[in-house]
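The values are calculated or read from the model by the stated rules, or taken from the named source; none is laboratory data. Everything numeric in this text was worked out from a predicted model, so none of it was measured. Cβ atoms come from the backbone with ideal geometry, glycine included; neighbour counts cover every protein chain shown.
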Amino acid sequence: MKLQKNIALKQYHSFACEEMASFFTSVTSKEALIEAIDWAFNNNQPYLILGSGTNILFTKQFNGLVIKIDFTGIQKLQETASELILQVGAGEIWSHFVSYCVQKSWGGLENLSLIPGTVGAAPINNISAYGIEVSEHIVSVDAYDTLKKKWVTIPNIECAFGYKSSIFKKEVNRFIISSVLFKLSKQPFLRTDYGAIKSVLHARGVTNPSVESIASAVIYIRSNHWPDPKKLPNAGSFFKNPMITKNQYDALIQQFPSLMAYPITDNTYKIAAGWLLEACGWKGIIKDQVGCFKDKVLVIVNFGATNGKSILDFSDAIIESVKVKFGVVIEKGINIL
């Protein structure tokens, strides 16, 4: 194991703040991961598992060992005339993996094109976009169970997938993902019912959509509406869409007729968090070099702040304003350290 000391984390997370880690190592094998965990245990150091750092905000120095997961590889395990099973290393860049599948016309993940992060992070947050959740195409997840101290394979049904949630997010730090098994289709059911995709395909004169044309539309949409973290440091949507009861919805819609909310069950509604933030006047607001992106209010952007605490304070001010105006509590969708 190659161990580094006092490493700046700026290049390892998409908010690009200048917090430090006491110790840092990158692992490319299961053996190296176990060695790193054992080192942390033997030296009484906490450890943090890190992918590409696109869903995390460091607000202070991490006094422990940061373990960067760099397991790579895409392996075809099974193939039939209609579908195939792929095993993908947790350290593979998600957008590269989706592009690889699209180029081969393997369907299922095209609506999730250009989402930042790694393959290992996808099941943790059950990433979703344009009508698709990644859990729809996950067969199982291979991980190291730090509680039982052994490698395990967790089938989809035991992953407890939900809205931006999973067992990996609920049982924090228990499972360290090494690879994910995906089922993709050679005869895919294409999802073009999302409004933005429909509009782009129509504008391009596409009447017979394909995996490739849908991926191209999604990439166009994301490129034009979401800031590139390499140019404007951010972690995508900072907040979750809050859930409320029907009684809460009925009361709010009376007071705010333009409220954007959608029924999930007979007694549950999901509110568009972006609508809440815009209604509170946050779109395009910048304070102390931190602000809401002009085209996507849910995206908090670091315009030059050197410490993550400034970003955290900005997000807390947003949460408080929404609570005061609507009586609704919105939750952060990223990990805060």
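If you go through the range 281-296 and pick out every residue that is touching a Lys or Arg at 6+ places or on another chain (Cβ under 7 Å) and modelled with pLDDT of 90 or more, you end up with 1. A single member of K231, K240, K183, K198 is among the basic types (K, R), free of Cβ contacts under 8 Å to residues at least 60 places away in the same chain and under 26 Å from Y163 (Cβ atoms), and it is K198. Among the residues making up the range 1-43, those that are charged (D, E, K, R) and either within 15 Å of I176 (Cα to Cα) or surrounded by fewer than 18 Cβ atoms within 10 Å (Cβ to Cβ) (or both) are K2, K5, K10, E18, K30, E31, E35, D38. A273 meets all of the listed conditions (1) modelled with pLDDT under 90; (2) in contact with a strand residue (DSSP E or B) (Cβ under 8 Å, 6 or more places away or on another chain) but one, namely (1). Do we have any residue at all in the range 95-106 that's touching a residue at least 60 places away in the same chain (Cβ under 8 Å) and among the hydroxyl-bearing types (S, T, Y)? Looking through the range 95-106, at least one residue is touching a residue at least 60 places away in the same chain (Cβ under 8 Å) and among the hydroxyl-bearing types (S, T, Y).
Starting from residues that are under 21 Å from the mean Cα position of the chain (by Cα) and in a loop (DSSP other than H, G, I, E, B), keep the ones in the range 304-337 and report whichever is farthest from G53 (Cα to Cα). Once the filter is applied, the top-ranked residue is V329.
Every condition in (1) out of contact with any helix residue (DSSP H, G or I) (no Cβ under 9 Å at 6 or more places or on another chain); (2) within 17 Å of A235 (Cβ to Cβ); (3) modelled with pLDDT of 90 or more; (4) not acidic (D, E) is met by N307 except one, and the failing one is (3).
Just one of the listed residues (A122, A235) is in contact with a Ser or Thr (Cβ under 7 Å, 6 or more places away or on another chain), surrounded by 16 or more Cβ atoms within 10 Å (Cβ to Cβ), of a type in the set (A, V, I, L, M) and under 27 Å from G274 (Cβ atoms), and it is A235. Taking the range 1-45 as the range and being in contact with an Asp or Glu (Cβ under 7 Å, 6 or more places away or on another chain) and either touching a residue at least 24 places away in the same chain (Cβ under 8 Å) or farther than 25 Å from I336 by Cβ (or both) as the test, the residues that pass are M1, L9, S26, V27, T28. Would you check if K169 is over 27 Å from D193 (Cα atoms) and free of Cβ contacts under 8 Å to residues at least 40 places away in the same chain? So K169 does not fit the description; no. Here T72, T59 are screened, and the one residue that is surrounded by fewer than 18 Cβ atoms within 10 Å (Cβ to Cβ), touching a Gly at 6+ places or on another chain (Cβ under 6 Å) and touching a residue at least 60 places away in the same chain (Cβ under 8 Å) is T59.
Here S99 meets each of (1) more than 16 Å from the chain's Cα centre (by Cα); (2) crowded, with 24+ Cβ neighbours inside 10 Å with one exception, condition (2).
Evaluate the following for Y220: is it crowded, with 17+ Cβ neighbours inside 10 Å, free of Cβ contacts under 8 Å to residues at least 24 places away in the same chain and in the same structural domain as P116 (by TED's automatic domain parsing)? Yes. Put simply, of G107, G131, G120 the only residue that is more than 20 Å from the chain's Cα centre (by Cα), at pLDDT below 95 and small (G, A, S) is G107.
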